[in-house]
Amino acid sequence: MKSYDVAIIGSGPGGYVAAIRCAQLGMKTALIEKYSTLGGTCLNVGCIPSKAMLSSSHHYEEATKHFEEHGIEIPGDIKVNLEKMIARKQAVVDQTTGGIDFLMKKNKIDVFEGLGSFKDATHIIIDGKDAGEIEAKNAIIATGSKPSNLPFIELDKERVITSTEALELKEIPKHLMIIGGGVIGLELGQVYRRLGAEVTVIEYMDRILPTMDAGLSKELNKVFKKAKCNMMVSHKVKSVERKKGEVIIKAENKKGEEVEFKGDYCLVSVGRRPYTDGLNAEAAGVKINDKGQVEVNDHLQTSASNIYAIGDVVRGAMLAHKAEEEGVMVAEQLAGQKPHIDYNLIPGVVYTWPEVAAVGKTEEELKEAGTEYKVGQFPFRALGRARASGDIDGFVKILADKTTDEVLGVHMIGARCADLIAEAVTAMEFRASAEDIARYSHAHPTFAEAIKEAALAATEDRALHI
Ligand code: FAD
Ligand code: NAD
């Protein structure tokens, strides 16, 4: 039987990054993945394919709606070839997952294809192509998550679908109804709206993106409404019924009235659940909590002292970069180091256009904690760079401590915010004050100038260009 210093179950961004870091630190490492491609949800049916579809549909929208104002004229009709768009998405996925194969070989990590399940705390049985048993001194559970569902919905995966099927559709829906106005619903809703579908978003809470700063929800809601999406907040879905090519959703509005929606597709995007099916965690003494998460302490150690868990399968945000940080943290701990993650500084991004990005505390959280804070906000429309490219929607908002001026939260919506948020994370990692950000130089003309201006506004209400 092969024996390892560490075996990692699951090859998503948590698992494969943990494997690389373990190997870099000199550990004999095994990676077990039940599917034939590595990369988990993120690379196969999550981050990467959804961003490929967002990019393609964005190009289409630019070509059909905005090229003309830039003086670019395309004779004849501009058409979408969905099959080709999806094939391109798949090519991007294949190239990216292939890259992980290369990284595993480069780092001399043994990859096993098959379902990994614990026999006991130091033995894992592999069921699948590479069937067998391995011994491991330590293990890392990185088994990720699967889409959640509502108890009364039957996901037929043809018309009543999850994000996985939404990335593989054979036709553009006539009317895509989306249950859940969170990250997946909005990103994929925007893809199909751009491609010509009517889109209805049905959200249970009183605003979309309910966990983000309310200012961002409001601004993105405006953008979706401008694109003629039907935004039905405060609607509780009661039933979903499929009748051949039609799906009928019944929901209850704020007044308690029944509202009916009819369309040809229904995307259920009401969150994801941790995935531990078939893992046989009990055999290793690993406790699973009531939410289905693997229970871990601050060191990501489970109730079995040689077994750790990371990523979507444990508490916290279900984000690829959070999973990666945790993978690195566990590897470094196993090597005797003392790494640390500041969860407050894990940024959240929604890759719609305009992009939405945030780090640190929201206004709602600061109010609830009784923290006195000041706000500096700057609109993109006041930036030369934004006007030059025609991306004027959105703003940057900086929240700083009222007495110390330390930046406590940065919330932004606008062009390129997914990348701009990195500046806010860096500043907050170094515990910058708003004045610090206001005083360092930002290249002109850039979208990043909105951060400087918002910091100036937070410092002494002295933004320069508004
Ligand atoms: P996963 O990526 O879920 O990987 C777990 C792996 O474990 C899977 O490959 C699974 O097959 C394998 N596995 C499970 N059980 C076993 C077993 N017993 N034996 C062997 N293998 C097993 N996050 C972002 O940060 N940015 C984004 O833009 C983003 N976009 C997303 C878009 C969509 C449509 C979706 C669905 C998710 C998106 N996410 C995004 C979330 C992101 O994909 C997850 O947070 C991330 O993949 C979690 O990584 P993980 O390693 O914990 O688990
Ligand atoms: P989510 O938690 O972002 O959104 C789910 C939404 O569904 C919430 O707004 C919630 O209020 C709503 N909801 C729940 N029950 C409902 C009901 N009965 N009726 C109507 N609405 C209901 O979850 P998601 O969009 O499914 O995404 C799952 C996970 O994947 C998230 O945790 C997210 O972090 C991750 N993800 C991240 C990205 C990104 O980082 N860009 C992209 C996609 C997915």
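Remarks
- At 0.692 mPa s and 37 °C, Stokes D of the stretch 160-270 from Kirkwood alpha-carbon radius, µm² per second: 237 µm²/s
- Virtual spin-label span in nm between K291 and H66, 7 Å along Cα→Cβ: 3.7 nm
- Rg followed by Dmax, in Å, when the stretch 403-466 is reduced to its Cα trace: 11.0, 32
- Along the axis of the charge dipole computed for the stretch 329-436 (Cβ charges of +1 for Lys and Arg, -1 for Asp and Glu, origin at the Cα centre), the listed residues V396, L383, V350 are led at the positive end by L383.
- Shown in residue order for the stretch 400-406 are the 3J(HN,Hα) couplings computed by the Karplus curve 6.51 cos²θ - 1.76 cosθ + 1.60 at θ = phi - 60°: 10, 4, 5, 8, 8, 6, 5 Hz (x for Gly and Pro).
- About the Cα centre, charge dipole magnitude for the chain (Lys/Arg +1, Asp/Glu -1 at Cβ), debye: 680 debye
- Rg(Cα)/(2.2 N^0.38 Å) for the chain, N = residue count: 1.04
- Antiparallel bridges, percent of DSSP beta bridges restricted to the stretch 160-270 (to nearest 5): 50 percent
- Coil-residue chymotrypsin sites (Phe, Trp or Tyr not before Pro) of the stretch 136-208, DSSP, other Cβ within 10 Å capped at 14: F152
- For a modelled paramagnetic label at H321, 7 Å from Cα along Cα-to-Cβ, the residues of the stretch 167-210 in reach, with backbone nitrogen under 19 Å, are 183-184, 187.
- Listed values for the stretch 62-77 are Karplus-derived 3J(HN,Hα) couplings in whole Hz (6.51 cos²θ - 1.76 cosθ + 1.60, θ = phi - 60°), namely 4, 5, 7, 10, 10, 4, 4, 5, 8, x, 10, 10, 10, x, x, 7, and x replaces Gly and Pro.
- Beta bridges by DSSP in the chain, antiparallel share as percent, to the nearest 5: 60 percent
- Förster radius 41 Å - calculated FRET efficiency between K367 and S389, Cβ distance, rounded to 0.05: 0.70
- Centre separation in Å (Cα based) which lies between the stretch 295-325 and the stretch 407-464: 31 Å
- Annotation for D401 and D77: the two label points, set 7 Å from Cα along the Cα-Cβ direction, are 6.1 nm apart.
- Förster radius 22 Å - calculated FRET efficiency between K244 and L150 (Cβ-Cβ, nearest 0.05): 0.50
- Each of I86, I48 was scored by other Cβ atoms within 10 Å of its Cβ. Arranged with the fewest first, they read I86, I48.
- Whether the stretch 321-426 is rounded, prolate or oblate, judged on the alpha carbon gyration tensor where a/c under 1.5 counts as rounded: oblate
- Per DSSP, loop trypsin sites (Lys or Arg not before Pro) in the stretch 173-222 with at most 16 further Cβ within 10 Å: K174
- Cα gyration tensor, the stretch 68-177 - rounded (a/c under 1.5), prolate or oblate: oblate
- Each Lys and Arg contributes +1 and each Asp and Glu -1, all at the Cβ; summed about the Cα centre of the stretch 160-270, the dipole is approximately 300 debye.
- In this structure, L464 and K225 have a Cβ-Cβ separation that, at R0 = 30 Å, corresponds to a calculated FRET efficiency of about 0.40.
Read-outs: derived from the displayed coordinates by stated rules, not from any lab. What you see is a predicted model, and the numbers here were worked out from it, not measured in a lab. Reconstructed Cβ throughout: ideal geometry from the backbone, glycine too, with neighbour counts over all protein chains shown.
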